[in-house]
Amino acid sequence: MYYVYILQSQSTGKYYVGYTADIRARLAQHNSQSNPSRSTRHRGPWYIVYSERLPGRAAAYARERQIKSYKGGNGFKKLLGLL
């Protein structure tokens, strides 16, 4: 099983979309001081605002790309329950 997730930065309000096999470990990694991701480093703390379980890596990657394609638009806002 894989997960697609959306994080929101508590400090900036910005969103980050990603996928992983272990969502708890990945969140801890985003929030750690040794965070390797340039997109989330120094912008935390992060918390999960949305997650979706998918059957495999390919499906999770495809869903991540789909979510990123409408990030900031009405589709993204609907997904987060903002509309």
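Which residues, counting only those in the stretch 10-23, are small (G, A, S) and not in a loop (DSSP other than H, G, I, E, B)?
Within the stretch 10-23, G18 is the sole residue that qualifies.
Here is a list of conditions, (1) open to solvent by less than 60 Å² (accessible area, probe 1.4 Å); (2) outside any helix (DSSP H, G or I); (3) not aliphatic (A, V, I, L, M), and R26 meets all of them except one; can you say which number that is?
Evaluating R26 over (1) open to solvent by less than 60 Å² (accessible area, probe 1.4 Å); (2) outside any helix (DSSP H, G or I); (3) not aliphatic (A, V, I, L, M) leaves (2) as the failure.
For the stretch 29-67, which positions are in a helix (DSSP H, G or I) and polar (S, T, N, Q)?
Once the filter is applied, which keeps residues that are in a helix (DSSP H, G or I) and polar (S, T, N, Q), the stretch 29-67 yields Q29, N31, Q66.
Out of the residues in the stretch 9-50 that are touching a strand residue (DSSP E or B) at 6+ places or on another chain (Cβ under 6 Å) and more than 23 Å from K77 (Cα to Cα), which is modelled with the highest pLDDT?
A21
Whether any residue in the stretch 41-52 is among the β-branched types (V, I, T), free of Cβ contacts under 8 Å to residues at least 60 places away in the same chain and open to solvent by 60 Å² or more (accessible area, probe 1.4 Å) is what I want to check.
Looking through the stretch 41-52, at least one residue is among the β-branched types (V, I, T), free of Cβ contacts under 8 Å to residues at least 60 places away in the same chain and open to solvent by 60 Å² or more (accessible area, probe 1.4 Å).
Answer yes or no as to whether R63 is touching an Asp or Glu at 6+ places or on another chain (Cβ under 8 Å) and either crowded, with 17+ Cβ neighbours inside 10 Å or at pLDDT 95 or above (or both).
Criteria met by R63.
Name every residue in the stretch 4-18 that is closer than 18 Å to L80 by Cβ and open to solvent by 60 Å² or more (accessible area, probe 1.4 Å), in order of residue number.
If the condition is that a residue be closer than 18 Å to L80 by Cβ and open to solvent by 60 Å² or more (accessible area, probe 1.4 Å), then Q10, T12, K14, Y15 are the ones that fit.
Say whether the condition of being in a strand (DSSP E or B), open to solvent by less than 60 Å² (accessible area, probe 1.4 Å) and among the aromatic types (F, W, Y) is met by at least one residue in the stretch 68-77.
no
The values are calculated or read from the model by the stated rules, or taken from the named source; none is laboratory data. Keep in mind that what you see is a predicted model, and the values were worked out from it rather than measured. A quick note on method: Cβ atoms are made from the backbone with ideal geometry, for glycine too, and the neighbour counts reach across all protein chains shown. Calculation scope for accessible area: heavy atoms of the full protein, side chains included, ligands and nucleic acids excluded. Shrake-Rupley method; radii C 1.70, N 1.55, O 1.52, S 1.80 Å.
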